[in-house]
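Notes follow once the structure below has been shown.
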Amino acid sequence: MKLLLINPNTSTAMTQSIARAAQGVASPATEVMAVQPSFGPASIECQYDEAFAAAGVAEQVRLAQGWRPDAVVVACFGDPGLDAAREASGVPVIGVAEAAFHAATLIATRFSVVTTLTRTCITAERLLQRYGFERHCGGVHGTDIPVLDLEHVSDETVSRIEQAAREALSRDGSSAIVLGCAGMASLCTTLSARLQVPVIDGVSVAVKLAESLVALGLRTSPLGDYAPPPPKVYAGWASTLGW
Ligand code: 2AL
């Protein structure tokens, strides 16, 4: 199958590290095409960044139409543009936050999220409410690690995430950790070994969920909210992106 993996920020290094994580778990029969928007923020750390990132995801779904992907993964923990991508592609589209929350509830009764800047906690909290996972989550914890520090991870960064995870497990009474940034994907194995509890990287889960849905012949429903967008003219810099 063909999997379109969209990093919604414009950091090429992060696109490459997310692609490595995805390829590490993908079946040999899955061809992964990793892309990033042609415009927008280098990292997504606030709601202003997220507004452009969502448009960037829509752009990449539109541009990849000719490649005919069987599934799409949106690899940023805010799941920017997820619903738009579902409308525009018709194939299964998996967001890494939604995927990670689903996985966590299957293997632990309560999980904690450890993320980047404290100000991004609100994004994860709103997604937990929106997806209905609020009562499974003990807490969302910021580390104040900027997203771009995860392009090339230092030992100190890993230790800070580990420390925040230990505090979260103890304070929240939780038994699994969800990594709150796609840029943390490469740390999953190390943190699992150190913490000795399940550590969930949404990128890996999203890839395996995408493969499962495709194998089952399940696609995004064309009925109702996820129907294709109605054709119309888009103006200005988005003029080639209208339906
Ligand atoms: C993210 C992420 O996954 N990618 C990005 O640029 N920002 N998430 C976050 N919590 O900062």
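The values are calculated or read from the model by the stated rules, or taken from the named source; none is laboratory data. What you are looking at is a predicted structure, and each value in this text was computed from that prediction instead of being measured. Because the Cβ atoms are built from the backbone with ideal geometry, glycine has one as well, and the counts that use them run over all protein chains shown. Ligands, DNA and RNA are excluded from the accessible area calculation, which covers all protein heavy atoms including side chains. Shrake-Rupley method; radii C 1.70, N 1.55, O 1.52, S 1.80 Å.
Quick test for you: out of Ala53, Ala19, pick the one residue that is away from the ligand (no atom under 13 Å from the Cβ) and either assigned to a helix (DSSP H, G or I) or at positive phi (or both).
Working: Ala53 fails: away from the ligand (no atom under 13 Å from the Cβ).
Just a single option satisfies the conditions, and that option is Ala19.
Would you confirm, using the coordinates I've provided, whether Pro28 is open to solvent by less than 40 Å² (accessible area, probe 1.4 Å) and either within 15 Å of Gly81 (Cα to Cα) or free of Cβ contacts under 8 Å to residues at least 24 places away in the same chain (or both)?
Details: open to solvent by less than 40 Å² (accessible area, probe 1.4 Å): no; either within 15 Å of Gly81 (Cα to Cα) or free of Cβ contacts under 8 Å to residues at least 24 places away in the same chain (or both): yes.
The answer is no for Pro28.
Kindly indicate the residue of the stretch 56-79 that is part of a loop (DSSP other than H, G, I, E, B) and within 13 Å of the ligand (Cβ to nearest atom) and also farthest from Gly242 (Cα to Cα) among those meeting that condition. Lay out the reasoning, then the answer.
The initial filter retains those residues of the stretch 56-79 that are part of a loop (DSSP other than H, G, I, E, B), namely 64, 68-70, 75-79.
Keeping just the survivors that are within 13 Å of the ligand (Cβ to nearest atom) gives 75-79.
Details: Ala75: 23, Cys76: 24, Phe77: 26, Gly78: 24, Asp79: 21 Å.
Restricting to residues being part of a loop (DSSP other than H, G, I, E, B) and within 13 Å of the ligand (Cβ to nearest atom), the top hit is Phe77.
Checking the structure you have, find out if any residue of the stretch 186-205 is part of a strand (DSSP E or B) and open to solvent by less than 40 Å² (accessible area, probe 1.4 Å). Quick ask: steps written out before the conclusion?
Step one: list which residues in the stretch 186-205 are part of a strand (DSSP E or B), which gives 199-200.
When the remaining residues are screened for being open to solvent by less than 40 Å² (accessible area, probe 1.4 Å), the result is 199-200.
For the stretch 186-205, residues part of a strand (DSSP E or B) and open to solvent by less than 40 Å² (accessible area, probe 1.4 Å): present.
If you take the residues of the stretch 75-105 that are of a type in the set (A, V, I, L, M) and within 29 Å of Ser159 (Cβ to Cβ), which of them is most open to solvent (accessible area, probe 1.4 Å)?
Of the residues in the stretch 75-105, the ones of a type in the set (A, V, I, L, M) are 75, 82, 84-85, 88, 91, 93-94, 96-97, 99-100, 103-104.
After this cut, where a residue has to be within 29 Å of Ser159 (Cβ to Cβ) as well, the list is 75, 96-97, 99-100, 103-104.
Values: Ala75: 2, Val96: 2, Ala97: 0, Ala99: 2, Ala100: 0, Ala103: 22, Ala104: 0 Å².
Looking at residues that are of a type in the set (A, V, I, L, M) and within 29 Å of Ser159 (Cβ to Cβ), I get Ala103.
Could you give me the residue pairs with C-beta distances under 6 Å whose first residue belongs to the stretch 215-241 and is assigned to a loop (DSSP other than H, G, I, E, B), whose second residue is open to solvent by 100 Å² or more (accessible area, probe 1.4 Å) wherever it lies, and which are 6+ apart or on separate chains?
Leu241/Tyr234
Can you find a residue in the stretch 112-120 that is open to solvent by less than 20 Å² (accessible area, probe 1.4 Å), in a strand (DSSP E or B) and in contact with a Leu (Cβ under 7 Å, 6 or more places away or on another chain)?
Yes, the stretch 112-120 contains at least one residue that is open to solvent by less than 20 Å² (accessible area, probe 1.4 Å), in a strand (DSSP E or B) and in contact with a Leu (Cβ under 7 Å, 6 or more places away or on another chain).
Could you tell me whether the stretch 129-146 includes any residue that is more than 15 Å from the ligand (Cβ to nearest atom) and closer than 23 Å to Met14 by Cβ? I'd like the intermediate steps shown before the answer.
Within the stretch 129-146, the subset more than 15 Å from the ligand (Cβ to nearest atom) is 129-136, 138.
This time we only want the ones that are closer than 23 Å to Met14 by Cβ, so: none.
So far as the stretch 129-146 goes, no, none of its residues is more than 15 Å from the ligand (Cβ to nearest atom) and closer than 23 Å to Met14 by Cβ.
Glu156 - would you say it is within 16 Å of the ligand (Cβ to nearest atom), open to solvent by 20 Å² or more (accessible area, probe 1.4 Å) and out of contact with any strand residue (DSSP E or B) (no Cβ under 7 Å at 6 or more places or on another chain)?
Working: within 16 Å of the ligand (Cβ to nearest atom): no; open to solvent by 20 Å² or more (accessible area, probe 1.4 Å): yes; out of contact with any strand residue (DSSP E or B) (no Cβ under 7 Å at 6 or more places or on another chain): yes.
Answer is no for this residue.
What are the residues in the stretch 170-185 that are of a type in the set (Gly, Ala, Ser) and in a helix (DSSP H, G or I), if any? Steps first, answer last, please.
Let us first name the residues in the stretch 170-185 that are of a type in the set (Gly, Ala, Ser), namely 170, 173-176, 180, 182-183, 185.
Result: Ser170, Ala182, Gly183, Ala185.
For the stretch 80-97, which residues satisfy the criterion of being within 13 Å of the ligand (Cβ to nearest atom) and out of contact with any strand residue (DSSP E or B) (no Cβ under 6 Å at 6 or more places or on another chain)? Even if it seems obvious, please write down each step before you answer.
Our first condition is that a residue be within 13 Å of the ligand (Cβ to nearest atom); within the stretch 80-97, this holds for 80-82, 95-97.
Residues satisfying the conditions are Pro80, Gly81, Val96, Ala97.
State yes or no: is Ala124 over 26 Å from Gly217 (Cα atoms), within 16 Å of the ligand (Cβ to nearest atom), open to solvent by less than 10 Å² (accessible area, probe 1.4 Å) and in a helix (DSSP H, G or I)? Outline the logic, then answer.
On the way: over 26 Å from Gly217 (Cα atoms): yes; within 16 Å of the ligand (Cβ to nearest atom): yes; open to solvent by less than 10 Å² (accessible area, probe 1.4 Å): yes; in a helix (DSSP H, G or I): yes.
Taking the combined requirement at face value, the residue satisfies it.
Run down Phe111, Phe101, Phe52, Phe77 and say which single residue is within 22 Å of Phe133 (Cα to Cα), among the aromatic types (Phe, Trp, Tyr) and not assigned by TED's automatic domain parsing to the domain that holds Leu195. Talk me through it step by step, then tell me what you get.
Working: Phe111 fails: not assigned by TED's automatic domain parsing to the domain that holds Leu195; Phe101 fails: not assigned by TED's automatic domain parsing to the domain that holds Leu195; Phe52 fails: within 22 Å of Phe133 (Cα to Cα).
Checking each option against the conditions leaves just Phe77.
Among the residues of the stretch 169-194, write down those that are more than 21 Å from the chain's Cα centre (by Cα), within 17 Å of Cys137 (Cβ to Cβ) and touching a residue at least 12 places away in the same chain (Cβ under 8 Å).
Start the filter on the stretch 169-194 by keeping residues that are more than 21 Å from the chain's Cα centre (by Cα), which leaves 169-175, 193-194.
Still in the list and also within 17 Å of Cys137 (Cβ to Cβ): 169-175.
Hits for the stretch 169-194 are Leu169, Arg171, Asp172, Gly173, Ser174, Ser175.
Among the residues of the stretch 136-153 satisfying the criterion of being in contact with a Leu (Cβ under 9 Å, 6 or more places away or on another chain) and either without any contact (Cβ under 8 Å) to a residue 24 or more places away in the chain or not aliphatic (A, V, I, L, M) (or both), which is most open to solvent (accessible area, probe 1.4 Å)? Spell out how you get there, then give the answer.
If we filter the stretch 136-153 for residues that are in contact with a Leu (Cβ under 9 Å, 6 or more places away or on another chain), which is where we start, we get 136-138, 140, 142-147, 150, 153.
Filter once more, so that each one left must be either without any contact (Cβ under 8 Å) to a residue 24 or more places away in the chain or not aliphatic (A, V, I, L, M) (or both): 136-138, 142-144, 146.
Numbers: His136: 48, Cys137: 24, Gly138: 34, Gly142: 30, Thr143: 19, Asp144: 86, Pro146: 52 Å².
Checked the stretch 136-153; the qualifying residue most open to solvent (accessible area, probe 1.4 Å) is Asp144.
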